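Engineer: First, the structure itself, so that you have it in front of you.
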């Protein structure tokens, strides 16, 4: 029976150990408070984006594609000549134009094809991109214009806001500790999160308005606007009572 007694003792010891760990876990959560601190800043946009497009219609889809390709190649070469501007091809798609065939029960016939292709320009030099856009509107159409934050700019501002968020969390933790009559606190956990920059509202312009603005003799003043970035510090503190 001795081996059975040893096994019983071992089981009792294990149970006591588990109860002790559970008690420690409960004790670790004692006087714990969840807090949040939030800091935000308005950041000026420093990148300008312009979308231009070529659109045409032809009865022969092969000739239509060739025409669009020639126009795009010419525009790309023109944009590449301006070193301050980055150029990239955007979406390109074609679709049939139907005409009703009254003498055929099958319904409609394809009378022509229409194709549209985009060219996207980006630059931190607003004046250079505005001037180039005005020149390119002689062969392309304005699709839209919007602004954003450069990656390096975003990182620099987020790094600064992270420090501010930690300082704000520490101030709130101290305030909460004093309100509870504590003598101090221990930091249990802390997470820092950024919601990123709110996407700017794009400017959509009709061809007439876009050309009038961009083809002016003097490059127009561009108001790029701002976006807000917010950094949250979420954490748990354990208040030490006297």
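The values are calculated or read from the model by the stated rules, or taken from the named source; none is laboratory data. Because the structure is predicted, anything quoted here is derived from the model rather than measured. Heads up, the Cβs are rebuilt from the backbone with ideal geometry, glycines too, and the neighbour counts pull from every protein chain shown.
Engineer: Which residue pairs have Cβ atoms closer than 8 Å, lie 6 or more positions apart in sequence or on different chains, and pair a first residue in segment 67-89 that is touching a residue at least 12 places away in the same chain (Cβ under 8 Å) and at negative phi with a second residue that is assigned to a helix (DSSP H, G or I) and surrounded by fewer than 18 Cβ atoms within 10 Å (Cβ to Cβ)?
Structural biologist: 78/135; 82/128; 84/128; 85/128; 87/76; 87/80; 89/76
Engineer: Scan (1) farther than 14 Å from residue 34 by Cβ; (2) touching a helix residue (DSSP H, G or I) at 6+ places or on another chain (Cβ under 6 Å); (3) modelled with pLDDT of 90 or more for the single condition residue 215 breaks and write down its number.
Structural biologist: (3)
Engineer: If you don't mind, there's one more thing I want to ask. When residue 27 is evaluated against the numbered criteria (1) within 30 Å of residue 153 (Cβ to Cβ); (2) modelled with pLDDT under 55, which criterion, by number, is the only one it fails?
Structural biologist: Going through (1) within 30 Å of residue 153 (Cβ to Cβ); (2) modelled with pLDDT under 55 one by one, residue 27 breaks only (1).
Engineer: For the list (1) touching a strand residue (DSSP E or B) at 6+ places or on another chain (Cβ under 6 Å); (2) at pLDDT 95 or above, I need the number of the one condition that residue 33 fails.
Structural biologist: (2)
Engineer: Of all residues in segment 150-189, count the ones that are assigned to a loop (DSSP other than H, G, I, E, B) and within 19 Å of residue 46 (Cα to Cα).
Structural biologist: 1
Engineer: Based on this model, can you work out whether residue 228 counts as assigned to a helix (DSSP H, G or I), at pLDDT 50 or above and out of contact with any helix residue (DSSP H, G or I) (no Cβ under 6 Å at 6 or more places or on another chain)?
Structural biologist: No.
Engineer: Find all pairs meeting these conditions: Cβ atoms under 9 angstrom apart; at least six residues apart or on different chains; first residue within segment 108-130 and without any contact (Cβ under 8 Å) to a residue 12 or more places away in the chain; second residue part of a strand (DSSP E or B).
Structural biologist: 108/98; 108/99; 108/100; 109/98; 109/99; 109/100
Engineer: Got a sec? Which strands (runs of 3 or more DSSP E) wholly within segment 57-149 have at least 1 residues that are exposed (fewer than 13 other Cβ atoms within 10 Å of the Cβ)?
Structural biologist: Result: 86-100, 108-123.
Engineer: Another question, then. Which residue, of 173, 168, is farther than 30 Å from residue 78 by Cβ, surrounded by 12 or more Cβ atoms within 10 Å (Cβ to Cβ) and under 26 Å from the mean Cα position of the chain (by Cα)?
Structural biologist: Of 173, 168, the one residue that is farther than 30 Å from residue 78 by Cβ, surrounded by 12 or more Cβ atoms within 10 Å (Cβ to Cβ) and under 26 Å from the mean Cα position of the chain (by Cα) is 168.
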